[in-house]
1. Report, by residue number, each residue of segment 398-417 that is over 14 Å from L473 (Cα atoms) and either out of contact with any Leu (no Cβ under 6 Å at 6 or more places or on another chain) or surrounded by fewer than 21 Cβ atoms within 10 Å (Cβ to Cβ) (or both).
2. I'd like to verify a number: residues in segment 219-231 that are buried (at least 24 other Cβ atoms within 10 Å of the Cβ) and either among the polar types (S, T, N, Q) or in the same structural domain as M983 (by TED's automatic domain parsing) (or both), how many?
3. Say we look at segment 344-374 and pick out the residues that are within 30 Å of T39 (Cα to Cα) and in a loop (DSSP other than H, G, I, E, B); which of these is farthest from ligand 3 (Cβ to nearest atom)?
4. Quick check on this structure: which one of R722, R745 is open to solvent by less than 50 Å² (accessible area, probe 1.4 Å), closer than 23 Å to A191 by Cα and assigned to a strand (DSSP E or B)?
5. Taking the residues in segment 925-963 that are touching a residue at least 12 places away in the same chain (Cβ under 8 Å) and among the acidic types (D, E) as candidates, determine which candidate is nearest to A182 (Cα to Cα).
6. Step by step: first the residues of segment 321-339, then only those that are open to solvent by 10 Å² or more (accessible area, probe 1.4 Å) and within 42 Å of the chain's Cα centre (by Cα), then the one that is nearest to ligand 3 (Cβ to nearest atom). Which residue is that?
7. Testing D309 on (1) farther than 28 Å from H436 by Cβ; (2) touching a strand residue (DSSP E or B) at 6+ places or on another chain (Cβ under 8 Å); (3) charged (D, E, K, R), one condition comes back false. Which one is that?
8. Which numbered condition trips up T866, out of (1) modelled with pLDDT of 95 or more; (2) farther than 23 Å from P515 by Cα?
Amino acid sequence: MADRCVQLCAPLLLILLSFFFFTGVLTFPLGPDSHRRTTCGYESCHATKPDMLNVHLVPHTHDDVGWLKTVDQYYYGDRNDIQHAGVQYILDSVVDQLLKNPDRRFIYVETAFFYRWWKRQDSSMKQTVQQLVNEGRLEFVNGGWCMSDEATTHYSAVIDQMTMGLRFLNDTFGVCGRPRVAWHIDPFGHAREHASMFAQMGYDGFFFGRLDYQDRYQRMMQKEQELLWRASDSLTPPMADLFTGILPNGYNPPDGFCWDQSCSDPPIRDDPDLEDYNVDDVVKRFLNIASAQSMVYKTNHIIMTMGSDFQYENANLWYKNLDKLIHYVNAQQDLGSRVNVLYSTPSCYLQELHRANLTWALKTDDFFPYADDAHDFWTGYFSSRPALKRYERLSNSNLQTCNQLEVLGGPTSTNGPFGKGDSQTMKKAMAVAQHHDAVSGTEKQHVANDYARRLATGWQHCQVLVSNGLAVLSGSTAQRFYCDYLNISVCPLTESSKKFSVNVYNPLGRPVTWPVRLPVNGTAYAVSDAAGTSVDCQVLPLSKDTHNVRRSRGFAVNELVFEVQAPPLGFSTYSVSLLQDGPLAASTQPRTPTAIQNKFLKVTFDPDTGLLSSFSNLETTQTIKLTQNFYWYNASDGNNSESIQPSGAYIFRPNSSTPFLISSTAKTEFIQTSVVQEVRQWFSPWVSQVVRLYAHSRTLELEWTVGPLPIHDDLGKEVITRIDTSIESSEIFYTDSNGREVLQRKKDFRPTWHLKQSEPIAGNYYPINSRAYIKDDVDQLTVVTDRSQGGSSIHNGSLEIMLHRRLLYDDVRGVAEPLNETSAIFPEGLVVRGRLLLSLDRPASAADKHRPLAQEMVLQPLLTFTDGDLHPDAKLEFSGLQAALPPAVHLLTLTQWDAQSVLLRLEHQFQSWESDVNSKPVTVNLQKLFSSLEVLGVSELNLSANQWKDEMKRFEWTPQNEVKPQLKASGGRSVWEVTLKPMEIRTFLLRVRL
Ligand SMILES: *[C@@H]1O[C@H](CO)[C@@H](O)[C@H](O)[C@H]1NC(C)=O
Ligand SMILES: *[C@@H]1O[C@H](CO)[C@@H](O)[C@H](O)[C@H]1NC(C)=O
Ligand SMILES: [Zn+2]
């Protein structure tokens, strides 16, 4: 009893003293005695003991930027009936508790929340927090606006959301606000491209919680839960090398040590005079866990995540018990214990791993797919909520246009003839939408609606900006109309106007040719381009399926179709006038053509089935057999002898490996015009497709319309399109990672461990963000998608893509809702429409086509409309560039940074091995880039624009069996000459004059 009291009293006294010390200082922050050093970052880490096992306790909270509640409901702690969670209280409480003991540490991750909190604090609280940050007691980790999903996001939107969060931290806290560690503790599988981006953003290391259970077991046995991820096959090491640590228990505390108000583990009861004294038991259990954990990691340092979802709302509970835990465990050292426990952060832990000076296993593939048990593959969310996934992708395109016009249109774009517009609202909406329960489709329905509503509001703000910007550049203040429903042929202006113009804005750095389809009611139109030259146009009858999807939202009977061209980073304006009114005499033929073809491509059809039968590239004289059809997997309902796991928002679990054919034949209609040829295929009341070939296109378009998926048979359905070809792909296929580098996939195979396959379909699904392909020695079939989707190749020569899912059971991963989407317009189930672009090429040159094609799908032209005659002085064509960028270069970002400067990202869009022509370094001159912007100065930044490139210094790590890579500086010939090597992205802040 007595010696326990001695042990207890001394630290209590210290805690009390420090409490008074800090309270005093904070009341007079500028007083003469408050001289404070700035010791954030690695310097602020607590000392460790080299001859002991050091246990780094990391107090943290995992705050989803929307999931069961919307982001703002989570912030305020609203709707606690759904889930008890309030981020504002967490931050209030943590700051309070950090002040009570300078040893305590906390990390904060999601800047979307921190920003909401910060802007409501008074200046004395802001000073207090700044102090905590400066002393490394409150440390930002990851620091993006959200913790993005890794399977369904596109790199361009991820870079933007990281840039926004990290910029806020740098603007607010300066260098002490810069996170050193990337922290993706919850995303459901990990993309190689994310690791590559994090490396280029300057992070020293990366930690995550979820990986395949078989992979984890093997890594535990081999002590390879900490490794060096070489995340690019093209960038020179160590540019894309990222030290990666797998956390011991997801992101939760060890069993029995959760002291949040939401937990029920016993507190440390350390008063020997009271009942249930348990210090000895707690210490013993803790030492056992620490010792077990140290067996599966390499160094004498281990990490424990002391927190979980929305924890620390009443931080006193956690900290009071952690203070005691540290005290009592370390007190055992006097009795010979070799375990040292300390408050820590991921970066302090990382620093110790770095100091260990070991070599680390090298990994070059990725962490997909993720399974947490034999029948529990998290591959459903690759396709969940396909409409939200498309809307998010389209919103990114619109946002990039909005950003560009803010630069090109100058100050008038945000305050001009159409009022005040801004890009900020949409930037935030897009940033929130990257969260791992947002675009992933794993949120509750009301939260999905909230994400979509935010994007729509953002786009309204951008529309004003875009109208102002185009008014500046065209010299015309005619009102601009936006038609957001062109995919279902709804556009009030074109449906009724007799004369209108179409402005085609192209956000790409090279010219684009693009098909335009407008809902109209006339039968003949004249279209002329910016030079007044007439353009071939055709009027087609609206399809029955478009009528069905459109419902009462429009009244066009026809579609006007023509191909437009738009210059790089600019626009071209087309004039349309009605020549003849009245309904169209039907020009569709109720039959299947034997073939459709243009100068470049030919596809044939089987006249008996109405299905595609072959695909030819006429330029390269390649032909493959190709059939394509629609199927559905019958979702497991949980009633199954092997496992009770049902298919749901996260998990894909078909009841059988053989999908049901929806129909072996398609009813067809054929339309042949000089602009486009269409074969409209009708498979069932809920599946139809248009096979389209435009006159000047080198790709075949498959426009699919799927839904409402019938559920009257009580069966959940997961609909795929499957392309079966004569290509000898032998169970190998390729998918992109976040829209950038392509990875090879092989059925029932993982590159780094021996897979015991337990789900022959779901266990072979991978995320497709923008493209997938199969190939053999002579032929490559590439499919470019318009959104993220899951896909696989289950048979030789086959590629399948999941289009839509409708499920009747929750999959028990927390969302607690079946994925059963309906809406006011589609009460009987959502209908989804999308496009796939198919291209057949020689493998050696396929990338030359699919790289630019995928970028055209991602950054598509924006059409705006004006009614009536154009003003005679209006400028009909504009390009913001002096010349098109070289084919290898992609203009990734052009956005206003502050009044004098713009942020520019240029990207080499080819991998080093993929093209004879384009996989070479290219040089661009920044001063000769823009036509309307004078570039006065340039500074280079890291990828996330929160660190100057010349100050960027990362930890160096040594891979096993290799020498430590040395990064050589890549310099251009002058400051204006910028050389890009394959897959390189370079980020610049340009000082400009308009
Ligand atoms: C790290 O290890 C290497 C050899 O394994 C050694 O040459 C080097 O001096 C060590 N560095 C430090 C800082 O201990
Ligand atoms: C970050 O903030 C610091 C301090 O305000 C500033 O000096 C620095 O230029 C900023 N860095 C970047 C990349 O903007
Ligand atoms: Zn989460």
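The values are calculated or read from the model by the stated rules, or taken from the named source; none is laboratory data. Predicted model, so just to flag it, every value in this text is computed and none were measured. Methodologically, a virtual Cβ is constructed for each residue, glycine included, from the backbone with ideal geometry; neighbour enumeration extends over all protein chains shown. The area values use the complete protein model at the heavy-atom level, side chains included, leaving out ligands, DNA and RNA. Shrake-Rupley method; radii C 1.70, N 1.55, O 1.52, S 1.80 Å.
1. N398, L399, N403, N415
2. Of the residues in segment 219-231, 0 are buried (at least 24 other Cβ atoms within 10 Å of the Cβ) and either among the polar types (S, T, N, Q) or in the same structural domain as M983 (by TED's automatic domain parsing) (or both).
3. Looking at residues that are within 30 Å of T39 (Cα to Cα) and in a loop (DSSP other than H, G, I, E, B), I get N357.
4. The match here is R745.
5. Only one residue fits best here, namely E956.
6. Filtering segment 321-339 down to residues open to solvent by 10 Å² or more (accessible area, probe 1.4 Å) leaves 321, 323-324, 326-328, 330-339.
Retained after the next criterion (residues that are within 42 Å of the chain's Cα centre (by Cα)): 321, 323-324, 326, 339.
Values: N321: 24, D323: 28, K324: 29, I326: 28, V339: 31 Å.
Checked segment 321-339; the qualifying residue nearest to ligand 3 (Cβ to nearest atom) is N321.
7. If we test D309 against (1) farther than 28 Å from H436 by Cβ; (2) touching a strand residue (DSSP E or B) at 6+ places or on another chain (Cβ under 8 Å); (3) charged (D, E, K, R), just (1) comes out false.
8. (2) is the only condition that T866 fails.
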